[in-house]
Amino acid sequence: MMLKSKESFFIDLSDAVVDMDEERTVTAANAALEAGVDAYDAIQQGLSDGMARAGQLFEEEEYFIPELLMCSDAMYAGLDVLKPHLKQVGESRGTIVIGVIEGDTHDIGKNMVRIMFETGGFKVIDLGRDVPPQRFVDTARESKADIIALSTLMTTTMDGMGTVVKLLSEGNIRDGIKVMVGGGPISPGFAKRIGADGYAVNAAEAVKVALELVGNA
Amino acid sequence: MSLALMTPLQRLAAYAKGEPIDRLPCVPIIGNTAARVIGAKVSQFRGNGKLIAEAQIASYQKFGYDVIRVFTDLYTLAEAMGARVHYPEDETAYLAAPAITSIEDISKLQPVEPSRDGNLPSHLEAMQRTVEALGHEVPVTGAVSCPFTTASFLIGAENLVRLTIKNPEAVHRLCEVALQSAIRYSAAIIAAGCTPSLTDPMSSSNVIGPRQFKEFSYPYLQRLIEFIHGQGRSVTLHICGKTEKVWQLMADAGADCISIDNDASLAGAVHAVGDRVRIMGNVHPSEIMLQGAPEDVRRAVRDCVAQAGGSPKGFIVASGCSLPTETPFANIRAMVDAVAEIGWPVDADILSRSDS
């Protein structure tokens, strides 16, 4: 039997994620471990690579929310296998507090963004949906977060985003924390007007914006 | 008939026949903004058909647009089937919990009884009262959420989109029961003298792709529209967000008019399906209507008319989606005024003006 190269294990993992195949992802993760592939490398160059490709297909409108969710299910299944074998924890690129603004319970978009942040190497604290502005601020302060990421799908709740920025300023912690916003009714103009630092049109772009905001692009 | 005295019904009828009109039809899509017109709190609309009617009538009389649409939130139908809806004191209601959480419970879902369930009776009362007061001059419609969208409120959006890949049969069962509800509610709306106005935000390409649209949205839209056509009513179908890849399917499903959001291009829609359906849209509800100044609204209206004013099957100047509750009155007025100023046939000189 020919020995498989490390790279071919990465490709198997990445492909299984892109193909939305949970079972194959788990098999590929186990195969990689058995062959002595480092768990951290398998996550970064296999699973995360798969999610990055899925994100690219989403941007190109080949994949939509259902496909992206299925890819992330496969990715998390692989992660469950690999995580216990992590020798060293890779350096986090920063901490992000994310949530959907109070008054809005639409969280698919936010969940997509969270997944892309996690696979992009960020530590993510997910406050869920229908979150009061003050909770974003308190959590960011306590966790020494680098970024607060706010989402809403509704025009009725957009103003809560401005409130978060205001509360940060009032608490004198605006300087240390970047705010990024997104969601259906949000435009770059709106982001600028409320004093946010970044705007992303979708989940794939959100990671790039976050990396720029922490100076790590 | 004097053009200056055209009522919306006369205007729409003449426009459909290709006869002269005074101006293009104009529909700022008013939902809970109507509460502001009569100084009411949004939550007062709950279970109060009389108040909804009063607000919708006052709003129409204040602004003089061309279609009245009874609408408070997207969840009316799903709520009547068991979904839990939260009603903040003075903001639009939102979904608190879906009707079911597991596919095992799909068989427990029942189609609505419009005269009994949830807030349907009060919405029907609102339509009836509005049509009694104004039905002789303006079309009165009632919002009906389409099967795929209702299905998402019944089992949860994330659940539903996963099921489109994992268990398509379960999605079809959900859409089927949602369709039966939509048909029953549409029948009741028509019996009240109004026209169902279809809305299907979850079928947006921001959520599902054209493949899933074709499999899970299209067949049920088609059957719902067929039912409404059978009752002698024409159909406007609104889908939020990106829709370019499903315009043909929206037309294939039988819609007479498609209402598109600001994420979609009016000029593109005219080019793609303007010879098949009337186009309606798409002034930005938040950036322009909520946050802009009247000059921004006028400019946006001119831009819309420049793109779609000559569409073969007609064009209605509208907001891209329901207006946010706090949309300034001045902006709604500016929208209707700008359409009147452009007039008909469309004055190209006015369109090319870059100032306001």
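The values are calculated or read from the model by the stated rules, or taken from the named source; none is laboratory data. Please read all numbers here as calculations on a predicted model, not as lab measurements. For neighbour counting, all protein chains shown are included, and Cβ atoms are generated from backbone atoms with ideal geometry for every residue, glycine included. Surface areas here come from the heavy atoms of the whole protein model, side chains and all, with no ligands, DNA or RNA. Shrake-Rupley method; radii C 1.70, N 1.55, O 1.52, S 1.80 Å.
Would you check if there is a residue in segment B:263-274 being of a type in the set (A, V, I, L, M, F, W, C), within 26 Å of B:SER181 (Cα to Cα) and touching a residue at least 12 places away in the same chain (Cβ under 8 Å)?
Narrowing segment B:263-274 to residues of a type in the set (A, V, I, L, M, F, W, C): B:264, B:266-267, B:269-270, B:272-273.
Imposing the further condition that a residue be within 26 Å of B:SER181 (Cα to Cα) reduces the set to none.
No, segment B:263-274 has no match at all.
Identify, by number, the condition in (1) open to solvent by less than 10 Å² (accessible area, probe 1.4 Å); (2) more than 14 Å from every other protein chain (Cβ to nearest Cβ); (3) part of a loop (DSSP other than H, G, I, E, B) that A:LYS4 doesn't meet.
Unmet for A:LYS4, out of (1) open to solvent by less than 10 Å² (accessible area, probe 1.4 Å); (2) more than 14 Å from every other protein chain (Cβ to nearest Cβ); (3) part of a loop (DSSP other than H, G, I, E, B): (1).
Mind checking which residues of segment A:190-217 are within 15 Å of A:ASP159 (Cβ to Cβ), open to solvent by less than 30 Å² (accessible area, probe 1.4 Å) and within 14 Å of another protein chain (Cβ to nearest Cβ)?
A:PHE190, A:ALA191
Does B:THR164 satisfy the condition of being more than 14 Å from chain A (Cβ to nearest Cβ), in contact with a helix residue (DSSP H, G or I) (Cβ under 6 Å, 6 or more places away or on another chain) and polar (S, T, N, Q)? So that I can check it myself, show each step before the final result.
Details: more than 14 Å from chain A (Cβ to nearest Cβ): no; in contact with a helix residue (DSSP H, G or I) (Cβ under 6 Å, 6 or more places away or on another chain): yes; polar (S, T, N, Q): yes.
Considered against the rule, which asks whether it is more than 14 Å from chain A (Cβ to nearest Cβ), in contact with a helix residue (DSSP H, G or I) (Cβ under 6 Å, 6 or more places away or on another chain) and polar (S, T, N, Q), B:THR164 comes out as no.
Of B:ALA272, B:ALA253, which residue is surrounded by fewer than 23 Cβ atoms within 10 Å (Cβ to Cβ), at pLDDT 95 or above and over 14 Å from the mean Cα position of the chain (by Cα)? Reasoning before the result, please.
Working: B:ALA253 fails: surrounded by fewer than 23 Cβ atoms within 10 Å (Cβ to Cβ).
Unique residue meeting the criteria: B:ALA272.
Looking at segment A:135-147, is at least one residue within 13 Å of chain B (Cβ to nearest Cβ) and not in a helix (DSSP H, G or I)?
Start the filter on segment A:135-147 by keeping residues that are within 13 Å of chain B (Cβ to nearest Cβ), which leaves none.
For segment A:135-147, residues within 13 Å of chain B (Cβ to nearest Cβ) and not in a helix (DSSP H, G or I): absent.
Can you pull out the strands (runs of 3 or more DSSP E) entirely within segment B:76-166 that have at least 2 residues that are among the hydrophobic types (A, V, I, L, M, F, W, C)?
Details: elements: B:84-86, B:94-97, B:140-145.
Of the strands (runs of 3 or more DSSP E) lying wholly inside segment B:76-166, those with at least 2 residues that are among the hydrophobic types (A, V, I, L, M, F, W, C) span B:94-97, B:140-145.
Out of (1) crowded, with 23+ Cβ neighbours inside 10 Å; (2) in the same structural domain as A:MET161 (by TED's automatic domain parsing), what's the single condition that is false for A:MET112?
Among (1) crowded, with 23+ Cβ neighbours inside 10 Å; (2) in the same structural domain as A:MET161 (by TED's automatic domain parsing), the lone unmet condition for A:MET112 is (1).
Condition check ((1) open to solvent by less than 60 Å² (accessible area, probe 1.4 Å); (2) assigned to a helix (DSSP H, G or I); (3) over 27 Å from B:VAL297 (Cβ atoms)) across all residues:
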site: B:LEU179; (1), (2), (3): yes, yes, yes
site: B:ARG184; (1), (2), (3): no, yes, yes
site: B:SER197; (1), (2), (3): yes, no, no
site: B:TYR220; (1), (2), (3): yes, yes, yes
site: B:ARG223; (1), (2), (3): no, yes, yes
site: B:ILE228; (1), (2), (3): yes, yes, yes
site: B:TRP247; (1), (2), (3): yes, yes, no
site: B:ILE258; (1), (2), (3): yes, no, no
site: B:ASP263; (1), (2), (3): no, no, no
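Output yes when any residue across segment A:119-134 is outside any loop (DSSP other than H, G, I, E, B), more than 14 Å from every other protein chain (Cβ to nearest Cβ), open to solvent by less than 50 Å² (accessible area, probe 1.4 Å) and polar (S, T, N, Q), and no when none is.
Yes, some residue in segment A:119-134 is outside any loop (DSSP other than H, G, I, E, B), more than 14 Å from every other protein chain (Cβ to nearest Cβ), open to solvent by less than 50 Å² (accessible area, probe 1.4 Å) and polar (S, T, N, Q).
Do the conditions hold for B:ALA83, that is, is it under 22 Å from the mean Cα position of the chain (by Cα), farther than 24 Å from B:MET280 by Cβ and open to solvent by less than 10 Å² (accessible area, probe 1.4 Å)?
Numbers: under 22 Å from the mean Cα position of the chain (by Cα): yes; farther than 24 Å from B:MET280 by Cβ: yes; open to solvent by less than 10 Å² (accessible area, probe 1.4 Å): yes.
Against the criterion (under 22 Å from the mean Cα position of the chain (by Cα), farther than 24 Å from B:MET280 by Cβ and open to solvent by less than 10 Å² (accessible area, probe 1.4 Å)), B:ALA83 qualifies.
If you go through segment A:144-174, how many residues are touching a strand residue (DSSP E or B) at 6+ places or on another chain (Cβ under 9 Å), open to solvent by 30 Å² or more (accessible area, probe 1.4 Å) and more than 25 Å from B:LEU74 (Cβ to Cβ)?
So in segment A:144-174, the residues touching a strand residue (DSSP E or B) at 6+ places or on another chain (Cβ under 9 Å) come out as A:144-154, A:156-161, A:163-165, A:168.
When the remaining residues are screened for being open to solvent by 30 Å² or more (accessible area, probe 1.4 Å), the result is A:144, A:146, A:153, A:156, A:159, A:163.
Now narrow it down to the ones that are more than 25 Å from B:LEU74 (Cβ to Cβ): A:144, A:146.
Of the residues in that region, 2 qualify.
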